Amino acid sequence: MADTTQSTKVWKKFRRNTLALTGLIFICFMVVVGILGYLITPDQTPYANTMHLQLTNKKPGRTFQFLVVSRNENIKQVGLFEKMLFGQEANIKSIPITSYRVAGNKVYAREYIGDDEQAEEEAYPLVSGQNTYQNTYYLGTDIYGRDLLSRLILGVRVSLSVGLMAVLISMVIGVGLGAIAGYFGGKVDAAISWFMNVIWSLPSLLLVIAISFALGKGFWQIFIAVGLSTWVDVARLVRGQVMALKQVEFVEAAKALGFSNGRIIVKHILPNIAGPILVVGSANFASAILLETGLSFLGFGAQPPMPSWGTMIKEHYGYIIMDAAYLAVLPGLAIMLTVYAFNLIAIGLRDAFDVKGQNTSV
């Protein structure tokens, strides 16, 4: 009952912080977008990797007409859940066109090759079903003629999943080592503290790159690399909090009752420092997203064709000084807003739990 009352008080204080609540709403929106994934992307093929090189770097809002030149009836139509997670492989091959006409069993069309150029009319077979369709690129296309909006949406999954898994890994390692060091002290504390200081002295990005070199390039390797580089903050915090709490009366009473050290740490100490742990976890979520985008920018993160905000910036940063700066600005803006939202949540939790002035007695 006490925990419920405390949680209610924390939530009331948190929701009075307008900026923190706005950050939470934004992150919830991003989570929904990431979960729905391919169901809301204009390009629903795996990784939104449909390329039309004729449509390289087209401005947002452009609409093009496409001619279906072939249809593969052997492509399996997946269910709703599988489509949401992995997309649906396209069963047609199409080309952008400027005009077409049907004559007999042939379609005569002019392929789109540029706004100021006109291609020769060519004959294509008349396929069954719908022969033409229109597609609007609401945020334009990238350097490979892929839909930018679709890849931005799928990039949410990469950033949030890496952040979540990295935070879970850092929490398990940091809380475990920090609690052991703070509770037992002595040589155990000295050894763990020395190890923490060694890791602390290494630049995070260089440490992540070194771990990536050891594990290889790949998606799951990012989880481990980022998680192993962000646990020190958690461990240092937990160590200090446990050192302060282990001297209070309720811990001494638990020892007098013969409770094991593990039970005292897990049941009596850690629940009392949940607030500070949540605060540093929220901050680490933002750090993990930044590290992942940095890795992807350097080529160690998510590998093509998997869409990642860092990879999208890497592919298009040269266009910042050209007339297509939005190709790099949009993923950069997505990173900035997401990281800022997590920082707002961390500040809101800090104020709600009153971490600076929290009372360590019970």
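Listed values, structure above:
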read-out: Potential lengthening between F259 and A123 on full extension [0.36 nm per residue; Cα-Cα distance subtracted]; value: 40.6 nm
read-out: Global geometry of segment 233-362, whether rounded, prolate or oblate, following the gyration tensor of its Cα atoms and the 1.5 cut on a/c; value: prolate
read-out: Mean separation of Cα contacts under 8 Å, 6 or more apart, over the residue count of segment 112-225: relative contact order %; value: 17
read-out: Heavy-atom SASA rank of V32, V158 (probe 1.4 Å, accessible area, largest first); value: V32, V158
read-out: Of all accessible heavy-atom area on segment 68-156, the percent that carbon and sulfur account for (1.4 Å); value: 48
read-out: Contact order normalised by residue count of the chain, Cα under 8 Å, 6+ apart, percent; value: 20
read-out: For the chain: accessible area per residue (Å², 1.4 Å); value: 51
read-out: Shape call, segment 37-124: gyration tensor on alpha carbons, a/c limit 1.5; value: oblate
read-out: Dimensionless Rg/Rh of the chain - Kirkwood Rh, Rg from C-alpha atoms; value: 1.12
read-out: Contact order relative to length of segment 1-153, as percent, for alpha carbon pairs under 8 angstrom and 6 or more apart; value: 31
read-out: CD proxy at 222 nm, helix term only [per DSSP H run n ≥ 4: -39500 (n - 2.57); per residue of the chain; nearest 500]; value: -18500 deg cm²/dmol
read-out: Surrounding net charge for G114, when Lys and Arg each add one and Asp and Glu each subtract one, Cβ distance under 14 Å; value: -1
read-out: Sulfur and carbon atoms: percent of accessible area, segment 211-336 [1.4 Å]; value: 66
read-out: Segment 105-161 versus segment 263-322: alpha-carbon centroid distance in Å; value: 33
read-out: Helix runs (DSSP H) in the chain reaching 18 Å along axis by Cα, Kyte-Doolittle at least -1.0; value: 18-36, 148-184, 186-201, 231-245, 274-298, 326-353
read-out: Links that overshoot a 27 Å alpha carbon limit, given the list K58/K93; K12/K255; K76/K314; K187/K217; K9/K255; value: K12/K255; K76/K314; K187/K217; K9/K255
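The values are calculated or read from the model by the stated rules, or taken from the named source; none is laboratory data. All values derive from a computational prediction rather than experimental measurement. All Cβ positions, even for glycine, are placed from backbone atoms using ideal geometry, and neighbour counts span all protein chains on display. The area values use the complete protein model at the heavy-atom level, side chains included, leaving out ligands, DNA and RNA. Shrake-Rupley method; radii C 1.70, N 1.55, O 1.52, S 1.80 Å.
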